[in-house]
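Take a look at the structure set out below.
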Amino acid sequence: MRVLIGLLAGFLIGFGIIYIQELLDTTVRSIEEIEEDLNLKVIGIIPEHQIK
Amino acid sequence: MLNKYVNIYAQVNRAVQDAYALLTANIHFSNSTGDLKTVTIISCTPKVGTTTVAINLAISLARSGWKTLMVDADMRKPGTYKRLVGKETQGENGDLDINIREFSNNTTIPNLSYLSYGSGHDNPIELLCSPKFSEFIREARREYDFVLFDTPALSSVIDGALIASKSDRVILVAEMGKTKKASLTRAAEQLEKAQANILGVVINNIVKRDYVKYAESYNYFERFK
């Protein structure tokens, strides 16, 4: 029983942290977000320099 | 002329080169009337690669055959931190010298000149509001096809907004997963308040996976397959 509760609590805390991190991430994540939410046009995307 | 020669190394990576070529093409699409000449490159927060974008865009424009001037308008950054080293334009009293021909540097890229405002000005804001600066822009427009201003981030000083208000268009540089949505919105508002025309956003340093995804949706990666 204790093991089960422990396991469940572990899962909850784990996913909880991920969920909260996602909620708190206020950075731009996609082009769509910039164009639709912020109403700005994306005119260029530049890849990282080590890309082949 | 005693022009100093500035070494600019062109991007050798094909994918990155192509990305800038596409940005150049987008600028031309927005320039159907042909009066788009001065472009301010700015970011919301520092360290998202504004200077890199400015240099590479300048190279791309120059390579397409346009006489291009890249202006380092960051007067806050000390000289030792500057990416490119060249003769700086500084008049007697820390003034802006508008003699562009004399103060611009030739570079290793044909058609591309580089000019730095230097970092010794007492009051950059006053300088950017002065008639001297307007005169500089008029002069630059006459001499070049495209003039790019590399400016400090909007969050740190107002310089960039002042330059943006005096140029034809503004390009906002952002970084995926790093630039906050709120600061991008604030930057856009700030620029609008300054009566600047935003051409669009350039997203820098996209990771490969995302880049391939977007490049495909832009129907652009097709030819690599």
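The values are calculated or read from the model by the stated rules, or taken from the named source; none is laboratory data. This one's a predicted model, so the numbers in the text were calculated from it and none came from an experiment. No Cβ is skipped: glycine too gets one built from the backbone with ideal geometry, and neighbour counts run over all protein chains shown.
From B:Ser183, B:Ser119, which residue is at pLDDT 90 or above and over 13 Å from the mean Cα position of the chain (by Cα)?
When all the criteria are applied, what remains is B:Ser183.
Among the candidates B:Arg169, B:Arg142, single out the residue that is of a type outside the set (A, V, I, L, M, F, W, C), within 14 Å of chain A (Cβ to nearest Cβ) and within 27 Å of B:Thr33 (Cα to Cα). Talk me through it step by step, then tell me what you get.
Details: B:Arg142 fails: within 14 Å of chain A (Cβ to nearest Cβ).
Only one candidate passes the filter, namely B:Arg169.
Quick one: in the stretch B:12-56, which of the residues that are part of a loop (DSSP other than H, G, I, E, B) and within 16 Å of the chain's Cα centre (by Cα) is nearest to the other protein chains (Cβ to nearest Cβ)?
Result: B:Gly49.
Out of the stretch B:189-208, which residues are free of Cβ contacts under 8 Å to residues at least 24 places away in the same chain and closer than 14 Å to B:Ala153 by Cβ?
none
Taking helices (runs of 4 or more DSSP H) that fall entirely within the stretch B:134-225, which contain at least 3 residues that are closer than 24 Å to B:Ala21 by Cα?
B:208-217
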